Every structure is written in C-alpha cells, then in structure tokens.
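A.B. asks: Below is the structure I would like to discuss, written out as structure tokens.
The values are calculated or read from the model by the stated rules, or taken from the named source; none is laboratory data. On a predicted model such as this, the values are computed, not experimentally measured, just so you know. So basically every Cβ, Gly included, is an ideal-geometry build from the backbone, and we count neighbours across all protein chains shown. With ligands, DNA and RNA removed, areas are computed over all heavy atoms of the protein, side chains included. Shrake-Rupley method; radii C 1.70, N 1.55, O 1.52, S 1.80 Å.
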Amino acid sequence: MYTKFQQHLTTELNDIREAGLYKNERIIASPQSSAIKLQDGTPVINFCANNYLGLADNKELIQAAKQAMDERGYGMSSVRFICGTGDIHKRLEQAIAHFFGTEDAILYAACFDANGGVFEPLLTEQDAIISDSLNHASIIDGVRLCKAVRYRYQNADMADLEEQLKKAQAQRFRLIATDGVFSMDGNVCPLDKIYELAQKYDAMVMVDESHSAGVVGHTGHGVTEQFNLRGKIEIITGTLGKAFGGAVGGFTTGKKEIIDMLRQRSRPYLFSNSIPPMIAAAGLKTIELLERDNSLQDRLHENTKYFVGRMTEAGFDIKPTQSAICAVMLYDAKLSQEVAAKLADEGIYVTGFYYPVVPKGQARIRVQVSAAHTREQLDRCVDAFRKVLNK
Ligand SMILES: *Cc1c(COP(=O)(O)O)cnc(C)c1O
C-alpha cells in the first residue's frame, strides 16, 4: 500500500516545488530576538517574528518560568478538568480577563485550539456565524467544526457585513467573527462599526486578538481599547505566542456564561493537555509587566511610527497599517522572493508573501516591527530596502 501512496505524495510534493510554493524551514541558532544568528553563524536583524514587545528572551519571564519549574515541576500530565489545573493556571486566567476587561477566561494549548473549540460548543444548525473573508485559518477551521449556517463578508467591508446580517436574520443566534488585526495587511478590523451593526441586527461579536493584544490601542490592550469597547464584546480569543512572550498557549475570554460553557463542552480544552506550569507562570509575569507600566507598548508604537515614516519618505509603497505589521508592496511574486533574498544578504531577515497567501498580483514583503528593535536596526532595514530596490 505505501508504495502507491509514496508515489502519490512524491508527485504532489514535486508539483508544490514546481509551483514555487515549497516551504523550507529557516533555522535559527540563537534565542529569538531582534538580532539573531542563523545556523551557519550569520548574524541578521529579525523583522519577521511576532515578537512585538521583545519579550521572547526577556529575563524576568525566563526567571519566572525557571522558578515555576523548580517549584511546580515540568508538566501537568493531565487535561485541565481532571488534574491539570494549578493555582497558576487560574491566576493566569484571571489576569487575562483583567487585561481585556472581561468576565472570565479559559486557557488552551494554543489559540489555534481556542478558535477550534469556541464555535461548536456554543452554536447549532439553528444559528449563524458571519465571518470576515480574511480571517485566520484557525477561525475558518473552528467554523467548519460547527453546524451553524455560515455567511462570509469581504474583508472589513461593512456594507457586505450588513447584507449578510440581513440574511442571517433567518437564524436564531448570530455571531460575527473577525481577526483584530489582519496579518497580511496590518489593518485593524473596524470594530466600532462591527459593534454598531451587531447592535442593529441583534448579533454577538467574536474578535481574535492574536496580532493586536499588546500592540493595538493607546496602552496596547487590543482592539477593544482602540475602539473604546472594553467589556462590550462577547468573545475574545488570543495567543501567548506573539506579543505575550512568544512561547505557546492560547485563551478565550469574555462573558462568564460563555466561558463556563466552554469549560463544559469545548473539545480542545477537554481532550488536550494543560499548558505546563512554567508557561502559565511566564504568562502571568507577561501580563504583570504590561500592567506595571507602558514602556514596551510605547516603544513599539514609536518604533512602528518611525519605521513606517522613513519607508514612506523613501517612496516605498506601504499598505496603510494600524498595527506593527508593515506590508511593503512589490506586487510581483518572483520579485518578492528576490528582494527577500537580497535583503537577507544585507543582514535583514524578512519574508516575502505571494499567492495563495495573499491575492494574485499582491506580493509583498511583510516587515514586523518590535519594541526590541533599536533605531539603528530600523535604519539598517530601511537602508537595505533602499539599496536592494535602488531608491
Ligand atoms: C497566530 C494566530 C493564531 C494561532 O495562535 P497559536 O497560539 O500560535 O496557535 C490564531 N489566530 C490568529 C489571528 C493568529 O494570528
């Protein structure tokens, strides 16, 4: 049997290679940081991590993780509801709810799991999910697992959302699902307008804050802060794997009955292991750091403004961004790969994205700014772009 299947896979893999879509892992041999070392020892400045607040190698987080490991051991060897819940897990859930101004929170092994387990326990075939066309793969998969009737609206298109909401009046309950920040363009979802439409058409709202928590909003508390909607959104999901330390772990936070129902019926929570104590402790330390003062969020905002300003000044075509994601538009797929390779030669680590990750003819280099970048590193990035593209 395997011989035939092997041939089949080999053919498919070759097709992927020939289409230029084969993904190679890029190996780093240093801690994750604004300056990293590649496997061959080459030092590069990193502009493609989700390390928005520079916490991936933060000393206080490392210390908190070490201490928890010494005091509470390595793993939980259990799902949450049997014997995988520690006091640290509960404290982290409370800290997350406090951070977002919500009523309760529930931890998952990843935000992929949070999104995979949020729709199915809450909605049935009598209900409707109205989903943004550019939502993250994990939201799409979560929606697929749920029997609710699906509606899709064009990215951030409020006229289209309204149309879909009108159709969805046929169902019992309605839930609008959106990313907080869309990761390819860096645009923030128009949550104020989404909320207005939700009120008008009797719907609830779910926002995934993975790229926005710690980043968006005056003090980095996410899109609900940006639009002055703290406590108003029924469901928020997010990750500990991006701005919040960059390790692993996800959560859903929101109305307390919703979280309570997820604890009863959400499959990735019921049937998957609890996050280890060290991750919970470092997560708790992350939230503590961000609530202590606003220096990291401020630095991220300053860095982003500086970088986008300099790139615009230099004449580059930048997608309007309200996050720490800066899409430098090149349109041509091949060009995006060449430019990314040449930037790597200049010591700048970025990724070129092209179809099918972004629409055809919309190839780009995505630059992710971090609070950990120094001015000099940001300047070096701009200078490298200028050199490579002759500007
Ligand atoms: C990264 C991301 C996820 C997945 O988060 P993990 O914790 O890494 O599983 C989910 N949703 C969005 C919008 C993301 O950007």
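A.B. asks: Give me the percent of DSSP beta bridges within the stretch 59-292 that run antiparallel, rounded to the nearest 5.
C.D. replies: 40
A.B. asks: Check each of the trypsin sites (Lys or Arg not before Pro) in the stretch 23-72 and keep only those in coil by DSSP with at most 13 other C-beta atoms within 10 angstrom; list them in order.
C.D. replies: Taking the stretch 23-72 and a limit of 13 other Cβ atoms within 10 Å, the loop trypsin sites (Lys or Arg not before Pro) found are Lys23, Arg26.
A.B. asks: How many nm separate the modelled label positions at Asp15 and Thr3, each set 7 Å beyond the Cα in the direction of the Cβ?
C.D. replies: 2.3
A.B. asks: Could you compute the FRET efficiency for Arg267 and Ala35, with r as their C-beta to C-beta distance and R0 at 56 Å, rounded to 0.05?
C.D. replies: 0.85
A.B. asks: What dipole magnitude, in Debye to the nearest 20, does the stretch 185-297 give about its Cα centre under +1 on Lys/Arg Cβ and -1 on Asp/Glu Cβ?
C.D. replies: I would put it at about 320 debye.
A.B. asks: Can you report the principal axis dimensions of the stretch 59-292 using only the alpha carbons, biggest first, rounded to whole angstrom?
C.D. replies: 56, 37, 28
A.B. asks: Please report the carbon-and-sulfur percent of the accessible area for the chain; probe 1.4 Å, protein heavy atoms only, DNA, RNA and ligands left out.
C.D. replies: Its accessible area is 52 percent carbon and sulfur atoms.
A.B. asks: Which one of Met261, Met184, Met311 has the biggest mean-square fluctuation once the chain is modelled by GNM with Cα springs under 10 Å?
C.D. replies: Taking springs between Cα atoms under 10 Å, the residue moving most is Met261.
A.B. asks: Still on this model: For Glu196 and Asp298, calculate 0.36 nm times their separation in residues minus their Cα-Cα distance, and state this gained length in nm to one decimal.
C.D. replies: In short, 33.8 nm is gained.
A.B. asks: Once you charge only the Cβ atoms, +1 for Lys and Arg and -1 for Asp and Glu, what is the size of the charge dipole of the stretch 59-292 about its Cα centre, to the nearest 20 debye?
C.D. replies: Here the stretch 59-292 has a charge dipole of around 440 debye.
A.B. asks: Let me ask you something else. So what's the chain giving for Rg/Rh, alpha carbon basis, Kirkwood Rh from the mean inverse pair distance?
C.D. replies: Rg/Rh: 0.97.
A.B. asks: Turning to a different aspect of this structure: Show me the GluC sites (Glu not before Pro) within the stretch 1-89 that DSSP assigns to loop and that have at most 16 other Cβ atoms within 10 Å of their Cβ.
C.D. replies: Sparse-neighbourhood loop GluC sites (Glu not before Pro): Glu25.
A.B. asks: I need the chymotrypsin sites (Phe, Trp or Tyr not before Pro) found in the stretch 50-135, filtered to DSSP loop residues with at most 11 other beta carbons within 10 Å of theirs.
C.D. replies: The qualifying sites are Tyr74.
A.B. asks: Over the chain, give the accessible area per residue in Å² for a 1.4 Å probe, as an integer.
C.D. replies: 47
A.B. asks: Quickly work out the Gln126-to-Lys387 label distance, labels modelled 7 Å from Cα along the C-beta direction, and quote it in nm with one decimal.
C.D. replies: Distance between the two pseudo-spin positions: 6.5 nm.
A.B. asks: Give me a comma-separated list of calculated 3J(HN,Hα) values for the stretch 63-75, in order, Karplus coefficients 6.51, -1.76, 1.60 applied at θ = phi - 60°, integers in Hz, x for any Gly or Pro.
C.D. replies: For the stretch 63-75, the Karplus curve yields 4, 4, 5, 4, 4, 5, 5, 5, 7, 10, x, 8, x Hz.
A.B. asks: Here is a further query. Taking 0.36 nm per residue of sequence separation and subtracting the Cα-Cα distance, how much length would be gained by fully extending the chain between Tyr22 and Lys59, in nm to one decimal?
C.D. replies: 9.7 nm
A.B. asks: Follow-up. What distance in nm separates the two pseudo spin-label positions at Arg91 and Ala159, each 7 Å out from Cα along the beta-carbon direction?
C.D. replies: Distance between label points: 5.3 nm.
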